[in-house]
Amino acid sequence: MVTTAKTLAKNLERMRSIALALPEATEELTWGTDVNFRVRKKIFAFPGQGGSLMVKADRDELPALLADPRFRPAPYLARGGWVVMELASAPDWAEVEELIHTSYCLIAPKTLAAQVTSG
């Protein structure tokens with residue numbers, strides 16, 4: 001299925017709203033065109049152009065994620081537990097939100113991560 005530019009833009013905007021709602025989260029544009037979300041200058045998610053999402057995964061969840069055909073090891077970052085999720089035409093936004101939150105909590109300082117996990 002071909003993903004339209006409008007769909008990609010909507011996906012990116014949705015991921016942006018999830019990521020930037022987290023404590024001290026910021027958005028940066030690096031390498032000219034790559035959007036990434038950071039907490040205290042450390043990257044916790046790469047939303048790409050809206051067709052995929054690269055995040056750091058919980059080590060215990062990695063086998064299950066990589067068994068799912070939507071996921072693959074992230075280029076250059078797989079050793080650190082990063083994965084890429086290909087977003088379908090109708091992504092499960094609760095799952096996307098959980099992945100972004102997990103990645104944030106793995107990257108953020110404990111005091112900020114506690115604000116997310118405790119509600």
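Output the residues belonging to the stretch 14-28 that are over 18 Å from Pro109 (Cα atoms) and either part of a strand (DSSP E or B) or without any contact (Cβ under 8 Å) to a residue 40 or more places away in the chain (or both). Full working, then the answer.
Taking the stretch 14-28 and keeping what is over 18 Å from Pro109 (Cα atoms), we get 14-18, 28.
Across the stretch 14-28, the qualifying residues are Arg16, Ser17, Glu28.
Whether any residue in the stretch 14-28 is over 12 Å from the mean Cα position of the chain (by Cα) and β-branched (Val, Ile, Thr) is what I want to check.
yes
Can you tell me which residue among Ala90, Ala94 is of a type outside the set (Lys, Arg), free of Cβ contacts under 8 Å to residues at least 24 places away in the same chain and either more than 22 Å from Pro23 (Cβ to Cβ) or surrounded by 14 or more Cβ atoms within 10 Å (Cβ to Cβ) (or both)?
Every option except Ala90 fails the conditions.
Kindly list the number of the only condition in (1) aromatic (Phe, Trp, Tyr); (2) part of a strand (DSSP E or B); (3) more than 11 Å from the chain's Cα centre (by Cα) that fails for Tyr76.
(2)
Could you run through the stretch 52-68 and say how many residues are in a loop (DSSP other than H, G, I, E, B) and over 13 Å from Ile100 (Cβ atoms)?
The number of residues fulfilling the criteria is 4.
Quick one: Asn11 ticks every box in (1) of a type outside the set (D, E, K, R); (2) touching a residue at least 60 places away in the same chain (Cβ under 8 Å); (3) assigned to a strand (DSSP E or B) except a single one, so which number is it?
It is condition (3) that Asn11 fails.
Please go through the stretch 29-51 and pick out each residue that is more than 12 Å from the chain's Cα centre (by Cα), part of a strand (DSSP E or B) and touching a residue at least 12 places away in the same chain (Cβ under 8 Å).
Asp34, Val39, Lys42
Would you confirm, using the coordinates I've provided, whether Pro63 is in contact (Cβ under 8 Å) with a residue 24 or more places away in the chain and more than 19 Å from Leu12 (Cβ to Cβ)? Step through it out loud before you land on a result.
Numbers: in contact (Cβ under 8 Å) with a residue 24 or more places away in the chain: no; more than 19 Å from Leu12 (Cβ to Cβ): yes.
No; evaluated as a whole, the condition is false for this residue.
Which one of these is of a type outside the set (A, V, I, L, M) and touching a Ser or Thr at 6+ places or on another chain (Cβ under 9 Å): Asp58, Asp68, Asp34?
Step by step, each of Asp58, Asp68, Asp34 is checked, and only Asp58 is of a type outside the set (A, V, I, L, M) and touching a Ser or Thr at 6+ places or on another chain (Cβ under 9 Å).
Go through (1) surrounded by 18 or more Cβ atoms within 10 Å (Cβ to Cβ); (2) more than 27 Å from Thr4 (Cβ to Cβ) for Pro47 and report which single condition fails.
(2)
Based on what the data block shows, is Gly48 at pLDDT below 95, in contact with a strand residue (DSSP E or B) (Cβ under 9 Å, 6 or more places away or on another chain) and more than 15 Å from Leu22 (Cβ to Cβ)?
Criteria met by Gly48.
The values are calculated or read from the model by the stated rules, or taken from the named source; none is laboratory data. None of these values were measured; they are calculated from a predicted model. Reconstructed Cβ throughout: ideal geometry from the backbone, glycine too, with neighbour counts over all protein chains shown.
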